Amino acid sequence: MQKVNTGLGSFTAGLVFFDTFSEAIVMQSQNGQSHGLYVWLVVAIVSVTIAATFIVYKYKITRARHAEIIAALNTSS
């Protein structure tokens, strides 16, 4: 559950960074340059974080399997 909370926290932080998503898409600076690239960068980072969290969450490992992996690493050194 902690992994899911990390993903949701990252997603929420990305959304809170801008007042609203639609305003951020059309946000303009004083010299007229669009900040849409920054918006999509935040969306990409949040999406990758959520995807990584989902992958880690789905990776099931038991104590026995963990012990097997550690033993294999110790013997291969």
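The values are calculated or read from the model by the stated rules, or taken from the named source; none is laboratory data. All of these numbers come straight from a predicted model, not from anything done at the bench. Counting neighbours? That spans all protein chains shown, and the Cβs are built from the backbone with ideal geometry, glycine included.
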- Within segment 43-60, the residues that are within 11 Å of Lys3 (Cα to Cα), among the aliphatic types (A, V, I, L, M) and over 8 Å from the mean Cα position of the chain (by Cα) are Ile55, Val56
- Given the conditions (1) modelled with pLDDT under 85; (2) surrounded by fewer than 11 Cβ atoms within 10 Å (Cβ to Cβ), every one holds for Leu41 apart from (2)
